[in-house]
Amino acid sequence: MVERTGHCSCKSIKYQLKAEPMFTHVCHCSICKRHTGSAFVTHVFIETEHLEILRGEVEAVPCATTSGRAHTLHRCPDCHSPLYSHYGGNARIAVLKGGTLDDPGSVVPGAHIWVEGKVPWITIPDDVPAFDQDYDAAEVWPESSFARRKRAGWG
Ligand SMILES: [Zn+2]
Ligand SMILES: [Zn+2]
């Protein structure tokens, strides 16, 4: 397994992934733009039990989502970098902000979502599925990844 570690911008929080992520997608929605201060977010799905916080303690902040689901964002209490989210009240799945990884290029998006909000100067590769809004993970994720997601209570 590839060793994946990451940290917030001030390095108070350090973490390590103890398993391969289930799936990675890029979200182009306006809320993700604002959380990252960038043009998109890379969202890396993993069971929360496999996201080990090696140093520090994150703070949980309730937030809105574009799709209207409950969203709790976990930040560094010192520098306030966003690190990961729980969606729909499911704390068993962590949706990690891939830009906080020490090697952000090591996770490759399997889909792009909320492409209707994409900035015009990003071009999505032809061979990666892209959706105007949200997508049906059951149709897009590899079967084994979706099975992990279901086992963690998010079908
Ligand atoms: Zn920090
Ligand atoms: Zn988004």
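Read-outs: derived from the displayed coordinates by stated rules, not from any lab. This structure is a prediction, so every number in the text was calculated from the model and none was measured. A quick note on method: Cβ atoms are made from the backbone with ideal geometry, for glycine too, and the neighbour counts reach across all protein chains shown.
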* Per 10 Å bin from zero, what fraction in whole % of the C-alpha pairs of the stretch 58-104 is there, up to the bin with the longest pair? -> 28, 53, 18, 0
* Count the net charge of all other residues whose Cβ sits under 15 Å from the Cβ of Gly153, scoring Lys and Arg as +1 and Asp and Glu as -1. => +4
* Label point distance in nm, Glu57-Thr72, each placed 7 Å from Cα along Cα→Cβ -> 1.5
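Computed FRET efficiency, Cβ-Cβ of Ser30 and Val128, R0 25 Å: what is it to the nearest 0.05?
Plugging the Cβ-Cβ distance into 1/(1 + (r/R0)^6) gives 0.75.
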* Structure fact -> Under 17 Å between C-alpha atoms, the lysine pairs in the chain lying 8 or more places apart or on different chains count 5
* Helix-only [θ]222 nm of the chain, DSSP H runs n ≥ 4, -39500 (n - 2.57) each, per residue, nearest 500 -> -3000 deg cm²/dmol
* Return Thr123, Thr24 ranked ascending by Cβ neighbour count within 10 Å, so the fewest neighbours appear first. => Thr123, Thr24
* Asked: Based on the Cβ-Cβ distance from Glu116 to Ala147, what FRET efficiency comes out when R0 is 41 Å, to the nearest 0.05?
  -> 0.85
* Asked: Let a ≥ b ≥ c be the square roots of the eigenvalues of the Cα gyration tensor of the stretch 27-127; is it rounded (a/c under 1.5), or, if not, prolate (a/b larger than b/c) or oblate?
  -> prolate
* Asked: In whole percent, what relative contact order does the chain give with Cα contacts below 8 Å and a gap of six or more residues?
  -> 25
* Structure fact -> Counting only DSSP beta bridges fully inside the chain, the antiparallel percentage to nearest 5 is 90
* GNM result for the chain, Cα springs below 10 Å: residue of Thr42, Thr66, Thr100 fluctuating most strongly -> Thr66
* Based on the Cβ-Cβ distance from Asp103 to Ser38, what FRET efficiency comes out when R0 is 22 Å, to the nearest 0.05? -> 0.80
